[in-house]
1. Excluding Leu79 itself, what net charge comes from residues whose Cβ is under 14 Å from its Cβ, given Lys and Arg +1 and Asp and Glu -1?
2. Using the Cβ atoms and a cut-off under 14 Å, what net charge is assigned to the surroundings of Ala172, where Lys and Arg are +1 and Asp and Glu are -1?
3. Could you work out how far apart the two model spin labels at Ala170 and Ser152 are, taking each label as a point 7 Å from the Cα in the direction of the beta carbon, and quote it in nm?
4. Under 20 Å from the 7 Å Cα→Cβ point of Val213, by amide nitrogen: which residues of region 157-179?
Amino acid sequence: MMREMRTMIHAKHRGSKASGLLGTAAAALLLSGCVSIGAKPPQRLLTLDAAHKVAAGASRVAGDGRTLIVADPEAPRMLDTVRVPVQLGATSIAYVTKVQWADTPRHLFRRLLAETISATTDRVVLDSGQFSGDGGQRLSGELVAFQIDEPSGSAIVTYDAVLTTPAGKALARQRFTASAPVGGKIEAATVGAPLNAAANKVASDVAAWAATVKD
């Protein structure tokens, strides 16, 4: 009788130990799911580099009405992403694999616009996120196109610009567009340079236009 009881206790102990091991394994699996770092990062990250830059140490004092707030442009959902779109046809879009923007194109383009206007005009450019006073004129608009066009094998950037007074009255509105050839197969290594070139051309044209618009 005592032998049978010892056998039962031993068996129960082994079962409890096995159950504990299974519980530990399950917890480990759950933990591994919690610490997953997500999708594999892209091979390339793209940004925009201004062709015209403000010289280090340069200073400028704004005259009356010569300050300008450059706002982030609006953008359609297709462009408001870090992926690089390719227009395959009138109603068909794909995205380039193994590459992403370091930020959404509309944020990158705003910084490019601000740098280009500061470097090529007498305007003192202000950031709407850091300045709450009367900043003179305001440049806003919509980034209509910022993509690769497969039929033409080129990068296309289109920006609808609007200049307004501090009170919100529209002073001028104009569409600017530029393109640059991809020059080869559309892939991660070939899309950044032409998009940067087209974006810089648009930024330069907008800067020249904004410099001439008076209140």
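Here, each number is a calculation from the coordinates, and none is a lab measurement. Every value quoted in this text rests on a predicted model; they were computed, and no experiment measured them. Here the Cβ is made from the backbone with ideal geometry for all residues, glycine too, and neighbour counts use every protein chain on show.
1. -3
2. Value of the local net charge: +2.
3. So the two model labels end up 2.5 nm from each other.
4. The answer is 157-178.
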